[in-house]
Ligand SMILES: Cc1cc2nc3c(=O)[nH]c(=O)nc-3n(C[C@H](O)[C@H](O)[C@H](O)COP(=O)(O)O)c2cc1C
């Protein structure tokens, strides 16, 4: 038998290694057949237990896009020619189960429990990432939008998200109108471990210090007046950020999820 050969320079690997977030788009519509292909790719992502428990809402109404940009506090959201909000979705499955005589208002119904909440979120993210990669392979650029979760209640109202759904992330896409540099990544030795999680040693922290210096040389095109903060400074700042408005449990509970189960 001949041994398998690997082309490490193949277009998929090149696409993934060159991926960077794009936050400015040409004023150019994305053709319908491209949209159709991107949506098929998303559907072909893996799905936990084959439950297909995610949906994506394509935003074509400029007024809704403008409201999303307001919620996200990022103007480029409204400027993206193609915009989706991915949601974890047990609503459709609940109705399917109900039609098969499952009492979805009883404790027998478990699709609204914490395990499915996290797995459905994983499914939505995998689908989004497949779409993102396919978009880059076509020369488009994307930015993932966690900022839409600034006000989950408003987002749920705006998109009429029903019981047993919860928004996961947005994805804005278009022909790139900017060329940001690739953002540095930390050394593999501090992110990939073998067989068990190691004790984080001074050696790891000294490698992070080197990484800090790399990151501090990077300029984000959103603020070209100064380099971005060193990685450690970003972590320290984020580690005490106020997360009150991003609490998941209260809104998930309003959407019918029981994260205690
Ligand atoms: C879950 C998630 C949420 C994100 N949310 C936002 C966002 O709301 N706005 C934004 O401009 N970028 C957002 N990003 C993009 C990250 O800032 C970006 O991926 C990171 O800084 C690394 O830069 P790169 O993608 O150019 O390599 C998000 C990325 C992820 C994975």
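Right, residue 245: surrounded by fewer than 11 Cβ atoms within 10 Å (Cβ to Cβ) and touching a helix residue (DSSP H, G or I) at 6+ places or on another chain (Cβ under 8 Å) or not? Lay out the reasoning, then the answer.
On the way: surrounded by fewer than 11 Cβ atoms within 10 Å (Cβ to Cβ): yes; touching a helix residue (DSSP H, G or I) at 6+ places or on another chain (Cβ under 8 Å): yes.
Taking the combined requirement at face value, the residue satisfies it.
Looking at residue 118, is it farther than 19 Å from residue 170 by Cβ, within 16 Å of the ligand (Cβ to nearest atom) and surrounded by fewer than 18 Cβ atoms within 10 Å (Cβ to Cβ)? Even if it seems obvious, please write down each step before you answer.
Values: farther than 19 Å from residue 170 by Cβ: yes; within 16 Å of the ligand (Cβ to nearest atom): yes; surrounded by fewer than 18 Cβ atoms within 10 Å (Cβ to Cβ): yes.
When the stated conditions are applied, residue 118 passes them.
Regarding residue 164, is this residue surrounded by 16 or more Cβ atoms within 10 Å (Cβ to Cβ) and on the phi > 0 side of the Ramachandran plot? Full working, then the answer.
On the way: surrounded by 16 or more Cβ atoms within 10 Å (Cβ to Cβ): yes; on the phi > 0 side of the Ramachandran plot: yes.
Taking the combined requirement at face value, the residue satisfies it.
Could you say which residue among 177, 196, 252 is modelled with pLDDT of 95 or more and either crowded, with 16+ Cβ neighbours inside 10 Å or within 14 Å of the ligand (Cβ to nearest atom) (or both)? Working first, answer last.
Details: 177 fails: either crowded, with 16+ Cβ neighbours inside 10 Å or within 14 Å of the ligand (Cβ to nearest atom) (or both); 196 fails: either crowded, with 16+ Cβ neighbours inside 10 Å or within 14 Å of the ligand (Cβ to nearest atom) (or both).
Only one candidate passes the filter, namely 252.
Restricting attention to the stretch 40-55, which residues are free of Cβ contacts under 8 Å to residues at least 24 places away in the same chain and more than 17 Å from residue 90 (Cβ to Cβ)?
Residues of the stretch 40-55 that are free of Cβ contacts under 8 Å to residues at least 24 places away in the same chain, as a first pass: 40, 50.
Listed by number, the list holds a single entry, 40.
Conditions first: (1) more than 28 Å from residue 23 (Cβ to Cβ); (2) within 16 Å of the ligand (Cβ to nearest atom). Residue 123 passes all but one, so which condition is the exception?
(1)
Quick check, is residue 149 at pLDDT 95 or above, surrounded by fewer than 20 Cβ atoms within 10 Å (Cβ to Cβ) and under 17 Å from the mean Cα position of the chain (by Cα)? Spell out how you get there, then give the answer.
On the way: at pLDDT 95 or above: yes; surrounded by fewer than 20 Cβ atoms within 10 Å (Cβ to Cβ): yes; under 17 Å from the mean Cα position of the chain (by Cα): yes.
Yes.
Check every one of the helices (runs of 4 or more DSSP H) wholly within the stretch 1-80 and list those with 1 or more residues that are at pLDDT 95 or above, surrounded by fewer than 17 Cβ atoms within 10 Å (Cβ to Cβ) and away from the ligand (no atom under 16 Å from the Cβ). Even if it seems obvious, please write down each step before you answer.
Details: elements: 11-17, 32-43, 62-72, 76-79.
Fully inside the stretch 1-80 and qualifying: 11-17, 32-43, 62-72.
Would the stretch 180-187 turn up any residue that is over 27 Å from residue 31 (Cα atoms), more than 22 Å from the chain's Cα centre (by Cα) and free of Cβ contacts under 8 Å to residues at least 60 places away in the same chain?
Looking for residues that are over 27 Å from residue 31 (Cα atoms), more than 22 Å from the chain's Cα centre (by Cα) and free of Cβ contacts under 8 Å to residues at least 60 places away in the same chain, one finds at least one in the stretch 180-187, hence yes.
Test of understanding: among 171, 128, which residue is closer than 23 Å to residue 12 by Cα, within 13 Å of the ligand (Cβ to nearest atom) and part of a strand (DSSP E or B)?
Working: 128 fails: part of a strand (DSSP E or B).
Going through 171, 128 in turn, just one is closer than 23 Å to residue 12 by Cα, within 13 Å of the ligand (Cβ to nearest atom) and part of a strand (DSSP E or B): 171.
The values are calculated or read from the model by the stated rules, or taken from the named source; none is laboratory data. Quick caveat, the model's predicted, so the values are computed rather than measured. Cβ: placed from backbone, ideal geometry, glycine included. Neighbour counts: every protein chain shown.
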